[in-house]
Amino acid sequence: MTSTNTSASFQELARRINPVVAGWLNYYSRFRLWELIPFAMRINAYLVRWIRQKYKRLAAKRKALAKMQEIARRYLRMFAHWRLTATVSAVSA
């Protein structure tokens, strides 16, 4: 995922990374499910960073995290890895 591509929308970003992430999740969940949680949280951290770069009014980490939590509540299945992370509050960007 290219975090510097801020011209894309959140939906376009999801459309681009979901096939890759879903493939990783399908493969590795059969062998090492416990290792996927930190992986999913790292993707969330990249998403928060992307939000901070795209929307200057959300440059503060707390504001960007709140926006991502709002999106996650509204669109539960937008990103493939969100099925592993019940909440996105544990993001460390």
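Derivation of every value follows stated rules applied to the coordinates shown; laboratory data play no part. Every value quoted in this text rests on a predicted model; they were computed, and no experiment measured them. Note: ideal-geometry Cβ built from the backbone for every residue, glycine included; neighbour counts use all protein chains shown.
Sequentially through segment 19-31, phi angles give Karplus couplings (6.51, -1.76, 1.60; θ = phi - 60°) of x, 5, 5, 4, x, 4, 4, 5, 6, 6, 5, 6, 10 Hz, Gly and Pro residues having no value and appearing as x.
With the Kirkwood sum run over all distinct C-alpha pairs, segment 18-80 has a hydrodynamic radius of 12.7 Å. Derived scalar couplings between HN and Hα for segment 67-73 equal 5, 5, 5, 5, 5, 5, 5 Hz in order, rounded to whole Hz, by the Karplus curve 6.51 cos²θ - 1.76 cosθ + 1.60 (θ = phi - 60°), x for Gly and Pro. When the chymotrypsin sites (Phe, Trp or Tyr not before Pro) in segment 1-74 are filtered for DSSP coil states and for at most 10 other beta-carbon atoms within 10 Å of their beta-carbon, the remaining sites are PHE31.
Could you please report the charge total around ALA80, scoring K, R as +1 and D, E as -1 over all other residues with beta-carbon less than 12 angstrom from its beta-carbon? Taking every Cβ under 12 Å from that of ALA80, the sum is +4.
Couplings 3J(HN,Hα) for segment 35-44, derived from phi with the Karplus relation 6.51 cos²θ - 1.76 cosθ + 1.60 (θ = phi - 60°), are 7, 7, 5, x, 4, 5, 5, 5, 4, 4 Hz, where x marks Gly and Pro.
Taking Lys and Arg as +1 and Asp and Glu as -1, the other residues whose beta-carbon sits under 13 Å from that of ALA22 total +4.
Counting charges near LYS61 (Lys, Arg +1; Asp, Glu -1) among other residues having Cβ under 10 Å from its Cβ returns a value of +4.
One decimal place: the segment TYR27-LEU76 gains 15.5 nm when fully extended, by the rule 0.36 nm per residue minus the C-alpha distance.
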